[in-house]
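**Student:** The structure's right below; bear with me while I get my questions together.
All of the numbers you see were taken from the coordinates with simple rules; none came from a lab. Given the structure is predicted, the values throughout are model-derived calculations rather than measurements. So basically every Cβ, Gly included, is an ideal-geometry build from the backbone, and we count neighbours across all protein chains shown.
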Amino acid sequence: MSRLSLRLFGSPQVIMDGEPVTIARAKASALLYYLAMSSEPHQRNHLATLLWSERENAVARTYLRQALYTLSKELGDGWFCADRAQIGLNPQADVTVDVRRFQQLLAVAPDLDPQADMEKLALAAKLAHDDFLAGFAPSDAPAFDDWLFFQRQALQRQRADILTRLVTQFSAQRDFGRALEYAQQKLALDNLDEGTHQTLMRLYAYTGRKHAALRQYEQCTQVLADELGMAPAAETVALYESIRHESGTFPMPSPANVAAGPPPGGAPAGSPGHRVYPPTNGLAHVALLTPPAPRPAAPGLPEQPTHFVGRAAELDRLGARLADPDARLITLVAPGGMGKTRLALASARREAARYRDGVCF
């Protein structure tokens with residue numbers, strides 16, 4: 001039988017025996033991607049509602065049959081198991097899905113060999129090179145849009161955690177070049193993450209690249225001002241001043257000065273998992289990885305792995321409508337993939353203080 005490869009990180013690709021396959025209809029593609037994310041079959045009624053929620057059930061199920069026919073026509077027989085109630089991928093078929101491989105790598109217990117564990121993390125980071133289904137948004141499928149939004153958020157959190165762990169581990173091995181590589185990838189996930197800007201500044205300083213460290217501070221200052229209208233935190237300014245006032249280069253820390261490294265999520269100063277690199281040239285004793293201060297949680301709202309940027313006018317209009325006692329229902333209308341859910345979450349978080357009992361989502 002042929003081999004089917006689904007690459008769902010980044011712009012989705014369907015590869016059959018090494019050759020790309022084009023699926024003619026977006027909702028047929030959406031059906032394939034949704035089925036690929038689970039090893040279990042799904043009820044037809046659920047799939048029909050997911051992709052055609054605005055249609056009557058009988059009509060939606062007809063469209064579902066047509067989408068399945070389209071997939072079978074494009075891919076050939078044998079890839080799906082379907083009966084009158086359920087549809088799923090054939091568990092006996094030779095199908096690989098990059099996201100599922102990524103999740104398998106994360107699920108494997110840490111290896112007794114730290115190097116082997118790092119290789120698994122590095123492979124996972126390579127697989128997750130971009131957002132889940134980047135740029136993919138079938139029209140008129142709000143339920144699918146919601147599923148896609150939360151899948152992207154969950155996978156982005158996992159990507160950020162992996163990159164943090166890799167930066168930590170390579171720093172512990174004094175492989176600052178690899179640590180820099182993964183810290184840069186983490187910043188690409190969210191360029192407003194001030195903690196990652198700080199990490200890059202330290203890594204540049206420890207590798208003798210003082211000017212790069214100072215440029216990183218300037219980049220941090222610029223992006224915070226442009227996107228949030230904020231100045232850097234006092235800790236970032238203090239780090240900048242420590243680097244700026246040093247003369248010459250920043251040698252790597254002596255192995256004798258390297259304490260035990262932090263766990264994946266970071267650790268408080270003074271704890272057994274806290275790593276400090278006290279350079280011999282006078283740079284303050286500061287943790288290499290300093291996680292940013294957590295944002296205050298809004299009851300009932302899911303935490304987001306990245307900052308919400310822009311759309312101030314829309315947020316102001318929503319805030320005014322929410323404050324209007326005569327506005328009982330507000331509906332956000334836009335094509336799929338335009339950010340309706342994220343805008344609603346940002347608005348709810350912004351206005352959460354008005355509602356002492358929290359927000360239902």
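**Student:** Among the residues in the range 83-94, are any within 24 Å of Lys126 (Cα to Cα) and outside any helix (DSSP H, G or I)?
**Tutor:** yes
**Student:** What is the residue count in the range 206-229 for residues that are among the aromatic types (Phe, Trp, Tyr) and not in a helix (DSSP H, G or I)?
**Tutor:** 0
**Student:** Kindly indicate the residue of the range 5-58 that is among the polar types (S, T, N, Q) and over 20 Å from Pro91 (Cα atoms) and also surrounded by the most Cβ atoms within 10 Å (Cβ to Cβ) among those meeting that condition.
**Tutor:** That would be Thr49.
**Student:** Suppose we keep only residues that are outside any loop (DSSP other than H, G, I, E, B) and in contact (Cβ under 8 Å) with a residue 12 or more places away in the chain within the range 120-130. Which one would you say is surrounded by the fewest Cβ atoms within 10 Å (Cβ to Cβ)? Give the steps one after another, and end with the answer.
**Tutor:** Going through the range 120-130, the residues outside any loop (DSSP other than H, G, I, E, B) turn out to be 120-127.
The next check asks that each one be in contact (Cβ under 8 Å) with a residue 12 or more places away in the chain; those that pass are 120-125, 127.
Values: Lys120: 16, Leu121: 20, Ala122: 18, Leu123: 14, Ala124: 22, Ala125: 20, Leu127: 19.
The qualifying residue surrounded by the fewest Cβ atoms within 10 Å (Cβ to Cβ) is Leu123.
**Student:** For the range 132-151, give me each residue that is part of a loop (DSSP other than H, G, I, E, B) and surrounded by 17 or more Cβ atoms within 10 Å (Cβ to Cβ).
**Tutor:** Leu133, Phe136, Pro138, Ala141
**Student:** Now a separate question. Out of all the residues in the range 137-148, is one or more closer than 16 Å to Tyr182 by Cβ and under 13 Å from the mean Cα position of the chain (by Cα)? Let's see the steps before the verdict.
**Tutor:** From the range 137-148, those closer than 16 Å to Tyr182 by Cβ are none; that's our starting set.
Within the range 137-148, not a single residue is closer than 16 Å to Tyr182 by Cβ and under 13 Å from the mean Cα position of the chain (by Cα).
**Student:** Residue by residue through the range 21-50, note down the ones that are assigned to a helix (DSSP H, G or I) and over 26 Å from the mean Cα position of the chain (by Cα).
**Tutor:** Listed by number, the residues that qualify are Arg44, Asn45, His46, Ala48, Thr49.
**Student:** Give me the residue from the range 158-195 that is assigned to a helix (DSSP H, G or I) and free of Cβ contacts under 8 Å to residues at least 24 places away in the same chain and, out of that set, surrounded by the fewest Cβ atoms within 10 Å (Cβ to Cβ).
**Tutor:** It comes out as Ala188.
**Student:** Could I ask something else about it? Can you report the number of residues in the range 13-56 which are among the charged types (D, E, K, R), touching a residue at least 60 places away in the same chain (Cβ under 8 Å) and in contact with a Leu (Cβ under 9 Å, 6 or more places away or on another chain)? Before you say what the answer is, go through the steps one by one.
**Tutor:** Restricting attention to the range 13-56, the residues satisfying the condition of being among the charged types (D, E, K, R) are 17, 19, 25, 27, 40, 44, 54-56.
Next, only the ones that are touching a residue at least 60 places away in the same chain (Cβ under 8 Å) stay: 27, 54.
Filter once more, so that each one left must be in contact with a Leu (Cβ under 9 Å, 6 or more places away or on another chain): 27.
Here the count works out to 1.
**Student:** Sticking with this structure for a sec: Pairs needed: first member in the range 131-157, among the hydroxyl-bearing types (Ser, Thr, Tyr); second member anywhere, surrounded by 17 or more Cβ atoms within 10 Å (Cβ to Cβ); C-beta distance under 6 Å; at least 6 residues apart or different chains.
**Tutor:** Ser139/Gly336
**Student:** Please go through the range 1-20 and pick out each residue that is touching a helix residue (DSSP H, G or I) at 6+ places or on another chain (Cβ under 6 Å) and either small (Gly, Ala, Ser) or in a loop (DSSP other than H, G, I, E, B) (or both).
**Tutor:** Leu8
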